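Colleague: Please read through the structure below; I'll follow up with questions.
The values are calculated or read from the model by the stated rules, or taken from the named source; none is laboratory data. What you see is a predicted model; the values in this text were computed from it and never measured. Here the Cβ positions follow ideal geometry from the backbone for every residue, glycine too, while neighbour counts run over all protein chains shown.
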Amino acid sequence: MDSIKTNFAAMTALQSLQNTNKEMLKTQSRISTGYRVASAEDNASYWSIATTMRSDNKALSTVKDALGLGSATVDVAYTALDKAIDVTSEIKVKLVAAREPGVDREKIQGEIAELQNQLQSIGESAIFSGQNWLSVDSSAAGYNSTKSIVASFSRDAAGEISIGTISVNAEAIKLYDASSSAVGIIDGLRDNSGAIASSGTSVAAMDISALTDNATDLETLEAYIKGVDMAVSEMTTAATNLGSVKQRIGMQKEFVNSLMQAIDRGISTLVDADMSEESTKLQALQVQQQLGIQAMSIANSSTQNILSLFR
């Protein structure tokens, strides 16, 4: 039915053109932003998941930085321990040389004293980012013998988050302890067997300048050798443990990096737009838009045909 009050054809063409324009705006938005789900109104569920995963990925990025910092701290402590082993081994060499009757032990002590000073310097210099694991004061407020390195961030199915750490026992690797009630490997008193005890002489305080060739002094010298040898063994164990920790940190850092990439791929699958699909769709919508405009033009011209009937 033709009517001059209501143009049904024009109304239908207009509705179709409006729908086409709406789809074009949506497609153009996806092409310009690169997102299929750019906000909650596009898909509330996917947007929520993607937003949470993006937040977790930022936390993992911080974990990755923390692992790098922890790796550097462990590396500094390991390097210092390695050098301390060399210096302590040299002290052992000097003590063994001093065991020979008739040698000038006072001169040898001069060399040992310099090596002891070097050990002190190594312990005090093993600092990274304000942390020194080799020269400590266990009596200081806030001291914690367990050094923790942030290693992971995870979220379970219920949404609860947890932080994983890699721990290093500073008590097993420290060389010096300024506390009056605790000792390290170098400043700990050692008995005749070489083990750390409540009495004896530490590697840091050994002095052979006054020792003679009598049996008692030679026994003392041999006890010093045992003590230094035990210290080298303990430092070797400590360095081995630090090496294992450093290897684990490296492996965890690689895992976190791979995990971040996997999460990025997961987010992309949920919310990223397929640009090839969207560009093809845009071309089709442009054709539909042109046809809709032509349909509107034809529908609007129908009233002119009615006027011709009254001429």
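Colleague: Hey, among 227, 188, which residue is crowded, with 20+ Cβ neighbours inside 10 Å and farther than 16 Å from residue 81 by Cβ?
Modeller: After applying the criteria, what remains is 227.
Colleague: Out of 229, 213, which single residue is farther than 26 Å from residue 166 by Cα, at pLDDT 95 or above and of a type in the set (Asp, Glu)?
Modeller: Answer to the check: 229.
Colleague: Hey, among the residues in segment 211-249 that are touching a residue at least 24 places away in the same chain (Cβ under 8 Å) and in a loop (DSSP other than H, G, I, E, B), which one's farthest from residue 193 (Cα to Cα)?
Modeller: 213
Colleague: Moving to a separate point now. For segment 27-49, name all the residues that are surrounded by fewer than 15 Cβ atoms within 10 Å (Cβ to Cβ) and free of Cβ contacts under 8 Å to residues at least 24 places away in the same chain.
Modeller: 32, 39, 40, 41, 44, 45, 48
Colleague: Which residue out of 137, 187 is acidic (Asp, Glu), assigned by TED's automatic domain parsing to the domain that holds residue 87 and touching a strand residue (DSSP E or B) at 6+ places or on another chain (Cβ under 6 Å)?
Modeller: Criteria check complete, one pass: 187.
Colleague: Next question. Restricting to segment 176-210, count the residues that are among the charged types (D, E, K, R) and part of a strand (DSSP E or B).
Modeller: Number of matching residues: 2.
Colleague: Moving on to the next point. Return yes or no: is residue 173 assigned by TED's automatic domain parsing to the domain that holds residue 224, closer than 18 Å to residue 84 by Cα and in contact (Cβ under 8 Å) with a residue 60 or more places away in the chain?
Modeller: Criteria met by residue 173.
Colleague: Answer with yes or no whether residue 203 is touching a Gly at 6+ places or on another chain (Cβ under 9 Å) and touching a residue at least 12 places away in the same chain (Cβ under 8 Å).
Modeller: yes
Colleague: When the residues of segment 100-120 are narrowed to those that are surrounded by 13 or more Cβ atoms within 10 Å (Cβ to Cβ) and under 37 Å from the mean Cα position of the chain (by Cα), which ends up farthest from residue 176 (Cα to Cα)?
Modeller: Only one residue tops the list, namely 115.
Colleague: Looking at (1) more than 30 Å from residue 308 (Cβ to Cβ); (2) assigned by TED's automatic domain parsing to the domain that holds residue 290; (3) modelled with pLDDT of 85 or more, which one does residue 46 not meet, given that it meets all the others?
Modeller: That leaves (2) as the condition not met.
Colleague: Examine segment 156-172 for a residue that is under 19 Å from residue 240 (Cβ atoms), out of contact with any Lys or Arg (no Cβ under 9 Å at 6 or more places or on another chain) and either part of a helix (DSSP H, G or I) or modelled with pLDDT under 95 (or both), and state whether such a residue exists.
Modeller: yes
Colleague: Filter segment 103-135 down to the residues that are part of a helix (DSSP H, G or I) and over 16 Å from residue 93 (Cα atoms) and list them by number.
Modeller: Listed by number, the residues that qualify are 117, 120, 121, 122, 123, 124, 125.
Colleague: Okay, moving on. Which numbered condition trips up residue 241, out of (1) under 30 Å from residue 59 (Cα atoms); (2) out of contact with any strand residue (DSSP E or B) (no Cβ under 9 Å at 6 or more places or on another chain)?
Modeller: Going through the list (1) under 30 Å from residue 59 (Cα atoms); (2) out of contact with any strand residue (DSSP E or B) (no Cβ under 9 Å at 6 or more places or on another chain), residue 241 breaks only (2).
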